[in-house]
Amino acid sequence: ALEKVMCVVKGHDKTILDECRVAGVTHVLAVSGQHVTIISAMLIAMLSALRIPLRVQAPVVITALFTFLIITGNSPSAMRAVLMNSFAIFFLALTRGSFKTSILFSIAEAAMIVLFINPKNLTQPSFTLSFAAVLALSLISYPLERLLSKLKGPMTVYACGVAALATVSSTKMFFDTATNPAVFWPGLVALTAGMMACRRLATQGVWPNLSYERLPAGVRLFIVAQGAVMIGMMIPLSSFYFGRYPLAGPYANWIAIPLTGVIVPLGIIAGLVGMIPGVGLFLALVLNATNNLLCKLFFYTAHYATVWFPYPFIENLTVGRLGVYYAALALFVWWEPLFNTGRSIYIKYIRYAEDPAIRRNVIGMASVGTILLIALAVKSWQREPVVPPGKLRLTFLSVPFGGSTVLLSPTGTSYVIDGGLNTTQTHTDVGERVIAPYLLKHGFKTVDAVLLTNVGPEHTEGLATVMNGLRVGRWYDPMPLSDMNRLNTALKAGGNWGYSEFLKDIGDPALQQSRDAAAVRRIYEGYAELAVAAEKHGIVRKRAETGVTVESATVNGKPFRIRYLSPRKFFDDFKNQSAVLKVDYGMFSALFSGDVRDAAVDALLAESADDLKASVLIVPNHGLTPAAKRTDLLGAVKPTAAIFQAGNFRQLYGRGSEAKPLVERAKQDYDAAMAFYKEALGENNVLDPQKDMAVVIETDGRTFSISSLQEHPAK
């Protein structure tokens, strides 16, 4: 319901759901563990006030929880929460086990039932996240509390200083400017020196009454709970599933969680009070008016958290690294029993062993076991290379419209060619949802260059997020700029001046005449966001024009090169200003033809016909112009396979009645171009990532293979 509700602060184009996700408070919106726990606690408190025994309360509360589950639509997250709370209450009421024991048993039982109903839940992030959060709270809170309780005297001041420094460093003002990883090491040395000094002061009895344990119990409980969830669930699983971490989460939740503890019970009370005849409805309206103010405060919290804190990309943990992380965490949680067991073995079988042979055997087995564990941890931590040495991989990503390609070269470098079109209806950022996750999943936090073939929105819109979130070395674009510094000043200023400078540099009369059209404005906004991001992060801009070589190397005796074949001259049509990019590796080559139309194709055929031959042709202008179906172009390129980069035409032209003829015409042109290439190259050698899903080309410089998620193999 909140997917299309815009931000509560006017002038911002983010939805409430997006802001809550960036702020790390989305869990508050879902009908899941927190809401069910609040309801359980409220019901138990009310029944306890009436002095009803817990054994009598248990069936009443469990019945109420399942009623709540039915009312809220029986969602998987709510089902998991209700089952866990129900089992916990049952074990706590009818057995003599501890709270931790009841929690552990309830988690196991709930997981078994949920997986029995639908085993596919095991692979769903929501399943893992919800159970991991409860496990983190039940297992990590106690050892973390014991660790924090050791903060006394100067060490308490030191811990507060570190927390304050971490908070300041996490804000956008400092986080975005700290681009050099070398600053980490001096900071680590300074923190270590400060800790050593504070520990020495603590031994001398300085500030003896200052300690963590003197904080109010509620504050300590909140700190421990936040720390446990962050260590046990947020950091590892956010990395594993999403490749992003909400730095605002630990701070926004200080307000969001207490607010939820008021909003949920108040809403339930308002519903119950509203059933009272007479004044009930009036009282319910008053309570809901109060709740409305509290909800607005919650959404303002989410908004300003996104303004102050970034939402950075982080490298995806592999399954092996996740296993090593949780093994280390288990060592932290069960340190005492493991240490005691190890000490008992040492005393019995090594220090006071009756037979020297036993001592030697135990030492030998312990040594071998330790070596094997270390070797297993090292092996699990290593990330296998995405592309085998000496191979080139081109991945054509599936985006709503347009194209985006990730090139992983045989030299180990990575490039992003174009960025695809963002969706306006669902506010999907292609860079955030598709491009960056693909790179991070394969271990690439650095992009050597962003290669732009045209300044249209279907090429630019997904790239600003990549530039803001990853380390990008260079970017190439074919726009004929008179003065990049002047244009950057205009872009940052925005308004009519920036727009006029942009259209002036493009020099397309058709765009000038249609400057008030939303489609033309969108071209400017996509490029402006890209240029501002590049200047903000110091990314060097280079002109993509004829003869420019992006990379040239020799790998295993085979030449590898990325170069631009056009634009050779200035065209007054910005589509014809597209850069034609060619990737060569040994006997393989791929030709990215951008959005060129007939005039640019004529120039290429006249001046670069010998350079056009390629194994794979990326079809010009998404197959929407006559240039895409030219037999002379196909004859010059002589491709074995062709890749279309089109998609949902409504994303480009819109969904209004005035856009319907354009969409229908585009579909006809696309279908005609697709039929043309299938007749020339064969059914299985023509693919479209938007229909076939991601298309992957891999080559060793001699032969190449094409595959897609729809499994259309081609050679």
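Starting from the Cα of Val696, step 7 Å along the direction of its Cβ; do the same at Arg474; then give the gap between the two resulting points in nm.
Between Val696 and Arg474, the simple spin-label model gives 2.9 nm.
Rounded, prolate or oblate, given the Cα gyration tensor of region 567-715, with a/c below 1.5 counting as rounded? Write down the numbers at each step before the final one.
Details: a/c = 1.96, a/b = 1.16, b/c = 1.69.
It is oblate, given that a/c is not under 1.5 and a/b is not larger than b/c.
Quick check: pseudo-label points 7 Å beyond the Cα along Cα→Cβ at Arg360 and Asn485, how many nm apart are they?
Rounded to a tenth, the inter-label distance reads 7.9 nm.
Starting from the 7 Å offset along Cα-to-Cβ, what nm value, one decimal, do you get for the label separation of Thr631 and Tyr352?
Between Thr631 and Tyr352, the simple spin-label model gives 9.7 nm.
For Thr640 and Ala375, calculate 0.36 nm times their separation in residues minus their Cα-Cα distance, and state this gained length in nm to one decimal. Don't skip to the answer; put the middle values down first.
Working: separation 265, 0.36 × 265 = 95.40 nm, distance 4.58 nm.
Between Thr640 and Ala375, full extension yields 90.8 nm more.
Using the alpha-carbon atoms, what tilt in degrees (0 to 90, nearest 10) does helix 217-229 show relative to the longest principal axis of the chain?
The angle comes out at about 40 degrees.
Given DSSP loops and a limit of at most 10 other Cβ atoms within 10 Å, what is the longest stretch of the chain that contains no such GluC sites (Glu not before Pro)? Intermediate results must be reported in sequence, preceding the final value.
Values: sites that count: Glu354, Glu711.
The segment 355-710 is the longest one with no such site.
So in the chain, what percent of DSSP beta bridges are antiparallel if you round to the nearest 5?
On the way: 39 of 59 bridges.
Close to 65 percent.
Of Ser380, Ser705, Pro410, which is farthest along the charge dipole of the chain in the positive direction, counting Lys and Arg as +1 and Asp and Glu as -1 at C-beta?
About the Cα centre, the residue reaching furthest to the positive side is Ser380.
Take the solvent-accessible surface of the protein heavy atoms, probe 1.4 Å, and return the percent of it on the chain that carbon and sulfur atoms account for. Show your work: numbers first, answer last.
Numbers: 22860 of 35720 Å².
It is 64 percent, rounded to a whole number.
Convex hull over the Cα atoms of region 274-398, averaged projected area in nm²?
On the way: hull surface 78.8 nm².
With every direction weighted equally, the projected area is 19.7 nm².
Whole-Hz Karplus ³J(HN,Hα) for region 412-423, in order, using 6.51 cos²θ - 1.76 cosθ + 1.60 and θ = phi - 60°, x for Gly and Pro?
The phi angles translate into x, 8, 9, 9, 10, 9, 6, x, x, 9, 6, 8 Hz.
Check cross-link reach from Lys172 to the aspartates and glutamates: straight Cα distance under 17 Å, and skip same-chain residues fewer than eight apart.
Glu19, Glu535
For the chain, what does the accessible surface come to per residue with a 1.4 Å probe? Please give it in Å².
Working: 35720 Å² over 715 residues.
Per residue, the chain has 50 Å² of solvent-accessible surface.
For the chain, give the magnitude of the charge dipole about the Cα centre (Cβ charges: +1 Lys/Arg, -1 Asp/Glu; no others), in debye to the nearest 20. Please list the in-between numbers first.
Numbers: 66 positive and 51 negative charges, 522 e Å.
Dipole size: approximately 2500 debye.
Over what distance in Å are the Cα centres of region 383-406 and region 441-483 separated?
15
Projecting each Cα onto the charge dipole of the chain (Lys/Arg +1, Asp/Glu -1 at the beta carbon, about the Cα centre), which of Tyr677, Gly431, Met79 comes out farthest on the positive side?
Met79
Taking the Cα atoms only, what angle lies between the long axis of helix 33-49 and the longest principal axis of the chain, rounded to 10 degrees?
Once rounded, one gets 20 degrees.
I need the calculated FRET efficiency for the pair Glu664 and Phe66, taking r as the beta carbon distance and R₀ as 51 Å, to the nearest 0.05.
Numbers: r = 51 Å, r/R0 = 1.00.
Efficiency, rounded to the nearest 0.05: 0.50.
With a ≥ b ≥ c taken as the square roots of the eigenvalues of the C-alpha gyration tensor of the chain, please select rounded if a/c is under 1.5 and otherwise prolate if a/b is larger than b/c or oblate if it is not? Present the calculation step by step, with values, prior to reporting the outcome.
Working: a/c = 2.00, a/b = 1.55, b/c = 1.29.
Prolate, because a/c is 1.5 or more and a/b exceeds b/c.
Would region 524-642 count as rounded, prolate or oblate if I go by the C-alpha gyration tensor, calling it rounded below 1.5 in a/c and otherwise prolate when a/b exceeds b/c, oblate otherwise? Please list the in-between numbers first.
Details: a/c = 1.98, a/b = 1.14, b/c = 1.73.
Cα axes put region 524-642 in the oblate bin.
Full extension from Ser367 to Ser514: what is 0.36 nm times the residue separation minus their Cα-Cα distance, to one decimal in nm? Before the final figure, lay out the partial values.
On the way: separation 147, 0.36 × 147 = 52.92 nm, distance 7.63 nm.
So the extension gain works out to 45.3 nm.
Mind checking which of Leu122, Cys7, Gly635 is farthest towards the positive end of the chain's charge dipole, using Cβ charges of +1 (Lys, Arg) and -1 (Asp, Glu) about the Cα centre?
Towards the positive end, the residue furthest out is Leu122.
Return one number: the angle in degrees, 0 to 90 and rounded to the nearest 10, between the long axis of the Cα atoms of helix 280-308 and the longest principal axis of the Cα atoms of the chain.
Tilt relative to the chain: about 60 degrees.
What ranking, highest mean first, results for peptides 258-268, 192-202, 77-87 when packing means the other Cβ atoms within 10 Å averaged over each residue?
Details: 258-268: 16.7, 192-202: 14.0, 77-87: 23.2.
The most tightly packed comes first, giving 77-87, 258-268, 192-202.
Taking the alpha-carbon distance from Lys10 and a cut-off under 18 Å, which lysines remain once sequence neighbours fewer than 8 residues away in the same chain are dropped?
Here the lysines satisfying the reach criterion relative to Lys10 are Lys296.
The values are calculated or read from the model by the stated rules, or taken from the named source; none is laboratory data. Everything quoted here is computed from the prediction, not taken from an experiment. Ideal geometry is used to build each Cβ from the backbone, glycine not excepted, and the neighbour counts take in all protein chains shown. Side chains are part of the model used for accessible areas, which takes the heavy atoms of the whole protein and leaves out ligands, DNA and RNA. Shrake-Rupley method; radii C 1.70, N 1.55, O 1.52, S 1.80 Å.
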